[in-house]
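For reference, the structure discussed in these notes is given below.
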């Protein structure tokens, strides 16, 4: 194992979205991630070939039939050696399986039982289904996104699932593991996407109460309302993004555009923003995207090309940073963040369910006889 989290052991209950994303992030940084998957049906074809399931990289998979008591006991044996357990089921599912926080903490008083949901473990919506867009909607964040005359657009599933969910789950686990190592006390974490996104909205909640943020879309400084903080179409039908908020950067931007400050309204005159957006749009349509990028280079104009997913890995800066790496025959985002002494690494290709059942359970302390007994009863499968 390599990375700053080498030696950290995590049991991850197989699922989708922010929970496996957090597990992959911990795995990239060196943690030993034991993913508990369902035993696949013999004729079942995977929805996604394993090597494209980036959220499962740097993990080992054990396939268990959790309807069998022997499989539950195997999970608890792993929990007894784990620093943390990650689960992303609806509230109450782990309890019904016989793997609730009370049971797991009895097996290992130091374990961190990390629960990832959209709505949280409690509250009127706790048992309702949902996805990123639904959780985002409840926080006020979705309403603030997009053009004023169009429906709010879903920002992929980056904000609630991964930002408000997976990253807060990761921080919570690391904080609780530190506490457990100092005190010997494990605990349960209630990680909810609505909580995380609400926390991410801290500045905008403050701006609204201060009176400098309106509840209208495309009317504020970083929601596309400001002419100096939005995207513009270029002559070749592509897009550039400008973010020249500070006065000196704004001065550099308009100079790059060939405009003079004395011919424009004040930068922060909101009553003039709509007209300024139209004027800027006309100017930016006079050159191609790459021409604007070349023109702005070295001028601190806060201008960047809005690259497509296919273009991003080939940009000179992204290549120089090694932001994408070839691994298992496909292109992966590189581990992040970067450590000078203990860098993260891509060590294991994402597994098919049960690929590592025997090896992983042996490494986690189960005896050969116990593993053979699990296989004999059908509670364990090795793919």
Query - Subset tally (residues that are free of Cβ contacts under 8 Å to residues at least 40 places away in the same chain and over 30 Å from residue 344 (Cβ atoms)) for segment 58-78 - result: 5
Report task. Please enumerate the residues belonging to segment 166-189 that are under 19 Å from residue 25 (Cα atoms) and outside any helix (DSSP H, G or I). Result -> 189
Report summary line: Taking segment 267-278 and keeping only residues that are assigned to a helix (DSSP H, G or I), without any contact (Cβ under 8 Å) to a residue 40 or more places away in the chain and within 13 Å of residue 228 (Cβ to Cβ), one is left with 272
Report task. Would you kindly identify the strands (runs of 3 or more DSSP E) lying entirely within segment 294-375 that contain at least 1 residues that are exposed (fewer than 15 other Cβ atoms within 10 Å of the Cβ) and in contact with a strand residue (DSSP E or B) (Cβ under 6 Å, 6 or more places away or on another chain)? Result -> 324-327, 330-333
Requested in this report: Consider residue 324 carefully, then state whether it is more than 28 Å from residue 233 (Cα to Cα) and under 20 Å from the mean Cα position of the chain (by Cα).
Outcome: no
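The rows are residues; the columns are (1) in contact with a strand residue (DSSP E or B) (Cβ under 8 Å, 6 or more places away or on another chain); (2) at pLDDT 95 or above; (3) outside the structural domain of residue 23 (by TED's automatic domain parsing).
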site: 158; (1), (2), (3): no, yes, no
site: 161; (1), (2), (3): no, yes, no
site: 165; (1), (2), (3): yes, yes, no
site: 178; (1), (2), (3): no, yes, no
site: 190; (1), (2), (3): yes, yes, no
site: 217; (1), (2), (3): no, yes, yes
Query - In segment 141-166, residue farthest from the chain's Cα centre (by Cα) [restricted to those that are more than 19 Å from residue 199 (Cβ to Cβ) and buried (at least 17 other Cβ atoms within 10 Å of the Cβ)] - result: 146
Query - The listed residue being under 30 Å from residue 229 (Cα atoms) and surrounded by fewer than 22 Cβ atoms within 10 Å (Cβ to Cβ), out of 97, 174, 138, 178 - result: 138
Query raised in the report: Is it true that some residue in segment 172-190 is within 30 Å of residue 221 (Cβ to Cβ) and under 17 Å from the mean Cα position of the chain (by Cα)?
Result: no
**Report entry** Count of residues meeting criterion [loosely packed, with under 15 Cβ neighbours inside 10 Å and on the phi > 0 side of the Ramachandran plot] in segment 31-62
**Finding:** 0
Query - Residues of segment 199-247 that turn out to be over 29 Å from residue 299 (Cβ atoms), in contact (Cβ under 8 Å) with a residue 24 or more places away in the chain and part of a loop (DSSP other than H, G, I, E, B), as a count - result: 4
Query raised in the report: Does residue 207 count as out of contact with any helix residue (DSSP H, G or I) (no Cβ under 9 Å at 6 or more places or on another chain) and either within 30 Å of residue 127 (Cα to Cα) or surrounded by 17 or more Cβ atoms within 10 Å (Cβ to Cβ) (or both)?
Result: no
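The values are calculated or read from the model by the stated rules, or taken from the named source; none is laboratory data. Please read these numbers as outputs of a predicted model, since none were measured by experiment. All Cβ positions, even for glycine, are placed from backbone atoms using ideal geometry, and neighbour counts span all protein chains on display.
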